[in-house]
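Engineer: Quick one: structure below, then a few questions.
Taken together, the values in this text are just the output of simple stated rules run on the coordinates, not laboratory data. In this text the structure is predicted, and so the values were computed from the model without any measurement. Quick reminder, even Gly has a Cβ in these numbers, built from the backbone with ideal geometry, and neighbours come from all protein chains shown.
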Amino acid sequence: MRAVYSALDVATLVSDEESFPMCFLEAQSCGCPVVGMDTSGVRSTFARGRSGLLVAQDDVDGMVDALSQLIADEVRRKEMGQYGRQWVSANLSLEHMIDEYERVLTNAAAGKRHYGLPACSSAGDRHE
């Protein structure tokens with residue numbers, strides 16, 4: 001799949017419901033920026049405005065606009081792709097996830113009420 005994602009200018013996902021789309025993680029790990037509809041699962045898989053763009057659910061014109069912006073701006077696409085690769089590595093590597101779950105379980109075992117669950121932080125805004 002690396003060859004496929006690396007050949008794309010932009011990866012997009014138009015979906016009414018997604019739990020955690022692996023395709024966005026795969027695309028970003030190959031340096032491909034992403035554009036998706038605003039569902040909770042999609043929202044948590046990239047850094048909005050930095051590695052991809054988020055479009056309001058069912059906003060077809062917004063999706064066309066977001067894709068058009070990225071297709072027309074090679075520099076921005078490349079910057080987003082590079083950031084996405086770094087973001088996936090920093091936030092979703094096996095080592096990072098093991099460390100985060102170990103921290104959560106340690107806090108739970110210590111009786112702490114707030115476990116600080118691992119979360120994918122999404123920075124930035126919609127495609128505006």
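Engineer: Using R₀ = 22 Å, calculate the FRET efficiency as 1/(1 + (r/R₀)^6) where r is the Cβ-Cβ separation of Tyr101 and Cys23; round to 0.05.
Structural biologist: 0.40
Engineer: Just flag the chymotrypsin sites (Phe, Trp or Tyr not before Pro) in region 1-52 sitting in loop per DSSP whose Cβ has no more than 11 other Cβ atoms within 10 Å.
Structural biologist: Here no chymotrypsin sites (Phe, Trp or Tyr not before Pro) fit, given the DSSP loop and packing criteria.
Engineer: So which residue, out of Asp38, Asp99, Asp65, gets the largest mean-square fluctuation from a GNM of the chain using Cα contacts under 10 Å as springs?
Structural biologist: So, out of Asp38, Asp99, Asp65, the one fluctuating most is Asp99.
Engineer: Along the Cα→Cβ direction, 7 angstrom out, place labels at Ala7 and Leu94. What is the inter-label distance in nm?
Structural biologist: The two pseudo-label positions are separated by 2.8 nm.
Engineer: Further, regarding this structure: Compute, for region 2-91, the length of the dipole vector about the Cα centre, with Cβ point charges of +1 (Lys, Arg) and -1 (Asp, Glu) only. Units Debye, rounded to 20.
Structural biologist: The calculation lands at about 580 debye.
Engineer: Right, something else. Which of (1) 1.36; (2) 0.98; (3) 1.13 is the computed Cα Rg over 2.2 N^0.38 Å for the structure on display?
Structural biologist: Recomputing Cα Rg over 2.2 N^0.38 Å here gives the entry labelled (3).
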